[in-house]
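Inspection log for the structure reproduced underneath, given as structure tokens.
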Amino acid sequence: MVRVPLTDEERERGERLGQALRAARAGRSMVDVATEAGISVETLRKIETGRIPTPAFFTVAAIADAVGLSLEELRAAVAPAASPPLSQAS
């Protein structure tokens with residue numbers, strides 16, 4: 001299977017995702033959050049640094065839950081400034 005290269009926009013979105021999750025983690029250690037989310041510390045580190053710009057949905061949901069961030073809050077933090085709300089997107 002050949003994987004299509006990510007666009008600059010997709011990579012930037014991955015970086016915003018990592019920044020939002022890292023900020024929500026606040027003072028908690030990566031070990032604590034990764035354990036609560038059921039993922040490895042290395043996976044969390046790669047997501048937070050943007051090295052995994054398109055992580056699986058359930059991985060993102062588990063991390064968001066572990067740091068107390070709703071998916072809507074996370075979506076808003078990751079969306080570009082000009083992005084319309086989900087209810088208005090087609």
The range 2-16, residues that are open to solvent by 90 Å² or more (accessible area, probe 1.4 Å) and among the hydrophobic types (A, V, I, L, M, F, W, C) = Val2, Val4
Can you tell me which residue within the range 52-77, out of those that are among the polar types (S, T, N, Q) and touching a residue at least 12 places away in the same chain (Cβ under 8 Å), is nearest to Gly14 (Cα to Cα)?
-> Thr54
Positions within the range 17-68 being under 24 Å from Arg3 (Cα atoms), β-branched (Val, Ile, Thr) and surrounded by fewer than 16 Cβ atoms within 10 Å (Cβ to Cβ), in sequence order | Thr49, Thr54
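The values are calculated or read from the model by the stated rules, or taken from the named source; none is laboratory data. Remember, predicted model here, so these are calculated numbers, not experimental data. Quick reminder, even Gly has a Cβ in these numbers, built from the backbone with ideal geometry, and neighbours come from all protein chains shown. Remember, those area values only see protein heavy atoms, side chains included, never the ligands or the DNA or RNA. Shrake-Rupley method; radii C 1.70, N 1.55, O 1.52, S 1.80 Å.
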